[in-house]
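Asker: Provided herewith is a single structure, encoded as C-alpha cells, for subsequent inquiry.
The values are calculated or read from the model by the stated rules, or taken from the named source; none is laboratory data. The structure presented is a predicted model; accordingly, all values stated were derived computationally and were not measured. Positions of Cβ are generated from backbone atoms using ideal geometry, with glycine treated the same way; all protein chains shown enter the neighbour counts.
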Amino acid sequence: MKSFGFIVLLFFVMQPARAELDTLWSQQIDLSSFQWVQSAIILQNGHTMVASAHNADAGIDLWRLNATGSQVWNGTVSFQGDYCTLLGMEQFEDGQIALVGVVTSDNDSLPSLSVLRINDVGAVQGEISFDLDIAYPENKAGICATRDNGLVLYTGMYDNSGSQSDLLIKFDSNGDTLWTASVSGQGGSQGACVQEFANGDLAVAGWLTTDAFTFDAFVARTTPTGSTVWMNDYPSPDIMRIMPQAIALDDDENIYVAGNEGFDFGIYWPWAYKLTSSGNYVWTLTGLDGEFFGISGIRPTDDGGATVCGSTASEVGPFTGRIYTLNSSGNSDHSAELSADGVDLRGMHNRGSAGLIFGTTFQSTDYAARLYRFGPGYIVNGIVRAQGTNEPLSGVRVEVVETGDFTITDEQGAYLLGTNQSEATLLITGPCIAPDSQSVELVLGGENVVDFTVGTPQYENNKTSVNIIGTFGRWERDTLTVQNDGDGLLQFTCETVEHTPTYGWLYVAPESGEIAAGASGEIVVSVLTNPEHPESEFFGEVIIHHNACPDTADEVGVYILALDSPDRPDLAESFVLYPAYPNPFNAVTRVAFDLPQTSHVSAKLYTIEGREAATLADDVFDAGVHSLLVDRAAFATGVYLLRVSAGSFVETQKLVLLK
C-alpha cells in the first residue's frame with residue numbers, strides 16, 4: 001500500500017449547548033485535488049476509518065486514526081474496474097470492513113454494484129460484483145451493519161424498462177446477496193438511509209417522485225427480511241422536494257430522520273422528524289426558518305433532542321458547514337454549535353456513545369478531509385498481561401459494561417478506549433483467559449491507566465466418548481470429569497447435538513458452569529430412549545465450549561445401544577461380555593460388558609493372524625455396565641478377534657468388518 005497525504009490534528013472544544021457535544025478532537029487530512037471524502041466511520045475498537053474515492057480510477061484512499069485522532073496507517077485499495085463511485089463504508093460484526101461502490105469500465109459495459117471487503121489494516125479479503133443498474137443521485141445510499149454479521153444497503157435501481165424503484169439489499173460477511181426488496185413497492189422511488197432495530201427489523205427512509213416531479217418523503221419499518229411493517233408518507237409542498245439524508249435510533253428505538261426540503265436548483269432548508277418505533281409523531285424540526293442548508297447527519301441526544309450537521313448549498317454561495325442542536329421538542333435557537341466556511345459536511349456516523357461528523361474542506365484546488373469526533377470524553381488505556389509469565393496478551397476484549405464501548409488489545413497487550421462514564425466498570429474477556437473486571441473512577445482530560453493481570457485456565461476432560469447400553473424408557477447416565485490445572489477461572493457451556501435419531505433423547509447438566517483454578521467439576525450426560533421409536537442405535541455429541549486454549553471446544557461423542565430389557569439389574573453380578581452389535585458391521589459396532597466390581601480392563605483387537613490392531617481400553621472401570629466402540633475408519637476389511645480381560649476374567653469374540 002502506498003503512503004500519502006498530510007495530517008493536521010487540532011484539539012479543541014466547541015461551545016455546545018450540552019456537555020455531550022464536546023468535541024474530543026478535530027482533524028484535517030490533505031487530499032488530492034478535486035477529491036472528496038465520501039465516508040468515515042467509527043470502528044468497533046474506537047478508531048476512525050476515512051475513505052476518499054479517486055477521480056481518475058477505481059482506487060480508494062483510506063486512513064485509520066486511533067481514539068485520540070492520531071494516524072495509525074494510510075493506504076489505497078482498488079475495486080476491479082476503471083472507475084468507482086463510493087456509496088459508503090461499514091464494519092461487519094466480525095471486524096471486516098465493507099466498501100460498497102458502483103464500478104464502471106472503459107469498455108462501456110453497464111455499471112455494477114461491488115462490495116469490497118478489507119480488514120482493519122487495509123488488506124483486501126475479497127470482492128463480489130452484481131449486475132444491478134444502481135440509481136445514486138448525489139451518490140446517496142444508506143448502509144448499516146446488522147447484528148447477525150450482515151450488511152444492509154438501501155438505494156435505488158433501474159429495471160430493464162428504465163423505471164426507477166427503491167432497492168433494499170442484505171449481504172452476508174462474504175459479500176453474497178441474501179435477499180432484495182422494495183420497501184415502497186412503487187416506481188420512481190429512491191432509498192436513502194437505513195438503521196437496524198434490536199430485533200433485526202429495519203428503519204428506512206427515502207423519497208417518491210410524484211407526477212408533478214416533486215419528491216415526497218417516506219419513512220418505514222420493515223421485518224429483518226425487508227417486508228414492510230408500516231410506512232409514513234410526507235408530501236412535499238408545491239414544486240418542492242423533500243429528500244431524507246440520514247436516519248438514527250435512540251436507546252428507546254425512537255426514529256430520527258433528517259434531510260432537506262427545497263427546490264431542484266439548490267435552494268433548500270433543513271427538514272427533520274422524530275417518530276416512535278411504531279411510526280407515531282413525536283416532533284418536527286423548528287427554529288431554523290430561513291437557514292439555507294440541508295441536513296446530512298443526525299444524532300439523538302439523551303434529553304430526547306438531536307444534533308444535526310449539514311452544509312449550505314453550493315448554488316447559493318461557498319459551502320458552509322454547520323452543526324446545530326435541537327431540544328427535546330425538536331426546536332433550535334438558531335445558534336450554531338459550529339459554522340465553518342469552505343466546509344461541506346457530508347454525513348455523521350454513530351456508534352454507541354461516540355459520534356463522528358465528516359466532510360471536505362477546500363480552497364481553490366486544495367482539498368482536505370475534515371473530521372469532528374464527539375464523545376465519549378474519558379480516555380482510559382492500559383496493558384493486559386498473563387499471570388505467571390507476565391507476557392502481554394493480544395486479542396483481549398476490554399469493555400465498558402455500562403455503555404458497551406469496547407476495544408481489542410494489540411500485539412503488545414495494549415488498549416486505548418473512550419467512554420462517557422466518569423465511573424465505569426471495565427470487563428476483559430477473550431479466549432484463553434479468565435474474565436476479570438475493575439471498577440474505576442476516570443478523570444476528564446487526565447491520564448487514566450488501568451492494567452490487568454489475568455489468569456489462564458486449562459481444560460482436561462477424562463473421556464472422549466460416552467458409550468452406553470441402555471434400556472428403552474429408562475434414564476441412563478454417565479459422568480464427565482473436567483479438570484482445571486491452570487491459574488484462572490475456567491468457564492464452560494454445554495451444547496447437545498442429536499445426529500440420529502432427533503426426537504430429544506440427549507440431555508446434559510449443568511448446561512453451563514465455572515471451575516476454579518486447581519479444581520475439577522462434573523458434567524452429567526443423561527439419555528432417555530423412547531420405546532415408541534424403533535431405532536436401537538443412537539448417536540449424538542456433547543460439545544463443551546470453554547475459555548481455555550489451544551482448543552476452545554471439546555466434542556464428546558455419545559453412542560447408545562437401546563435394548564428391551566426392563567428387568568436388567570443396575571449393577572452387574574458377574575463379568576459378562578455381550579455379543580457385538582451389529583456383527584458383521586460396515587460402519588461402527590459396539591461391544592458391551594458387565595463388571596461386578598471396579599477393575600482394570602484391557603480390550604485389544606487382533607487380526608486373524610494374531611497381530612495387534614488396536615487397543616480399545618486400558619484403564620480402570622467402575623462396577624457396572626460399559627460399552628466399547630469399534631469404528632471401521634481405522635481398520636481394513638476382514639475378520640478380527642476382540643480380547644477383553646478384567647482381573648481373572650478373559651473372553652474373546654470374533655468381529656467381521658465389511659466395507
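Asker: Do we find a residue being among the β-branched types (Val, Ile, Thr), assigned to a loop (DSSP other than H, G, I, E, B) and under 18 Å from Ala98 (Cα atoms) anywhere in segment 186-199?
Answerer: Of segment 186-199, the ones among the β-branched types (Val, Ile, Thr) are 194.
Those still in the list that are assigned to a loop (DSSP other than H, G, I, E, B) too: none.
Among the residues of segment 186-199, not one is among the β-branched types (Val, Ile, Thr), assigned to a loop (DSSP other than H, G, I, E, B) and under 18 Å from Ala98 (Cα atoms), which makes the answer no.
Asker: Continuing with this model, one more query. At least 3 residues that are within 27 Å of the chain's Cα centre (by Cα) and crowded, with 17+ Cβ neighbours inside 10 Å in each: list the strands (runs of 3 or more DSSP E) lying fully within segment 219-267 that qualify. Step through it out loud before you land on a result.
Answerer: Numbers: elements: 228-234, 241-249, 255-262.
Result: 241-249, 255-262.
Asker: How do the pairs read when you match residues in segment 502-520 that are touching a residue at least 12 places away in the same chain (Cβ under 8 Å) with residues anywhere that are among the charged types (D, E, K, R), using Cβ under 7 Å and keeping only pairs 6 or more apart or on different chains?
Answerer: What qualifies is Trp505/Glu498; Leu506/Glu498; Ala517/Asp487; Gly518/Asp485.
Asker: Show the residue pairs that are 6+ apart or on different chains and have beta-carbon atoms under 9 Å apart, the first residue being within segment 446-471 and under 29 Å from Asp618 (Cβ atoms) and among the aliphatic types (A, V, I, L, M), the second being modelled with pLDDT under 90 and part of a loop (DSSP other than H, G, I, E, B).
Answerer: Short answer, once both residue conditions are applied: Ile469/Ser565; Ile469/Arg568; Ile469/Tyr578.
Asker: Restricting to segment 618-659, name every residue that is in contact (Cβ under 8 Å) with a residue 24 or more places away in the chain, part of a strand (DSSP E or B), under 47 Å from the mean Cα position of the chain (by Cα) and more than 19 Å from Glu573 (Cβ to Cβ).
Answerer: Listed by number, the residues that qualify are Leu628, Leu629, Val630, Asp631.
Asker: For Ile468, indicate whether it is within 30 Å of Leu528 (Cα to Cα) and crowded, with 19+ Cβ neighbours inside 10 Å. Can you show your working first?
Answerer: Working: within 30 Å of Leu528 (Cα to Cα): yes; crowded, with 19+ Cβ neighbours inside 10 Å: yes.
Here the answer is yes, as Ile468 does meet what is asked.
Asker: Which condition number does Ser437 fail, the rest of (1) without any contact (Cβ under 8 Å) to a residue 12 or more places away in the chain; (2) touching a Leu at 6+ places or on another chain (Cβ under 7 Å) being met?
Answerer: The single condition Ser437 does not satisfy is (1).
Asker: Of the residues that make up segment 311-325, is at least one at pLDDT 90 or above and part of a loop (DSSP other than H, G, I, E, B)?
Answerer: Looking through segment 311-325, none of the residues is at pLDDT 90 or above and part of a loop (DSSP other than H, G, I, E, B).
Asker: Scan segment 362-398 for residues that are charged (D, E, K, R), surrounded by fewer than 20 Cβ atoms within 10 Å (Cβ to Cβ) and modelled with pLDDT of 85 or more and jot them down.
Answerer: Filtering segment 362-398 for residues charged (D, E, K, R) gives 366, 370, 373, 385, 391, 397.
When the remaining residues are screened for being surrounded by fewer than 20 Cβ atoms within 10 Å (Cβ to Cβ), the result is 366, 385, 391, 397.
Once the filter is applied, which keeps residues that are charged (D, E, K, R), surrounded by fewer than 20 Cβ atoms within 10 Å (Cβ to Cβ) and modelled with pLDDT of 85 or more, segment 362-398 yields Arg385, Glu391, Arg397.
Asker: Among the numbered criteria (1) at pLDDT below 95; (2) in a loop (DSSP other than H, G, I, E, B); (3) more than 18 Å from Val37 (Cβ to Cβ); (4) not hydrophobic (A, V, I, L, M, F, W, C), which single criterion is violated by Thr307?
Answerer: (2) is the only condition that Thr307 fails.
Asker: Kindly indicate whether any position in segment 62-76 is under 18 Å from the mean Cα position of the chain (by Cα) and in contact (Cβ under 8 Å) with a residue 60 or more places away in the chain.
Answerer: In the first step, residues of segment 62-76 are kept if they are under 18 Å from the mean Cα position of the chain (by Cα); the result is none.
Among the residues of segment 62-76, not one is under 18 Å from the mean Cα position of the chain (by Cα) and in contact (Cβ under 8 Å) with a residue 60 or more places away in the chain, which makes the answer no.
Asker: Taking segment 399-419, which residues are under 18 Å from Val443 (Cβ atoms) and buried (at least 22 other Cβ atoms within 10 Å of the Cβ)?
Answerer: Val400, Asp405, Tyr415, Leu417, Gly418, Thr419 - these are the residues of segment 399-419 that are under 18 Å from Val443 (Cβ atoms) and buried (at least 22 other Cβ atoms within 10 Å of the Cβ).
Asker: List pairs: first residue in segment 203-225 and under 19 Å from Gly259 (Cβ atoms) and among the basic types (Lys, Arg), second residue modelled with pLDDT of 95 or more and in a loop (DSSP other than H, G, I, E, B) anywhere in the structure, Cβ distance under 8 angstrom, at least six positions apart or on different chains.
Answerer: Arg221/Phe197; Arg221/Asp201; Arg221/Ser277; Arg221/Ser278; Arg221/Gly279
Asker: Could you go through segment 475-494 and let me know if any residue there is more than 30 Å from the chain's Cα centre (by Cα), outside any strand (DSSP E or B), basic (Lys, Arg) and not assigned by TED's automatic domain parsing to the domain that holds Val630.
Answerer: No: segment 475-494 contains no residue that is more than 30 Å from the chain's Cα centre (by Cα), outside any strand (DSSP E or B), basic (Lys, Arg) and not assigned by TED's automatic domain parsing to the domain that holds Val630.
Asker: Okay, moving on. Kindly provide the set of residues from segment 419-454 that are touching a Lys or Arg at 6+ places or on another chain (Cβ under 9 Å) and either under 20 Å from Gln71 (Cα atoms) or assigned to a loop (DSSP other than H, G, I, E, B) (or both), ordered by number. Talk me through it step by step, then tell me what you get.
Answerer: Of segment 419-454, the ones touching a Lys or Arg at 6+ places or on another chain (Cβ under 9 Å) are 427-430, 451-454.
Listed by number, the residues that qualify are Gly430, Asp451.
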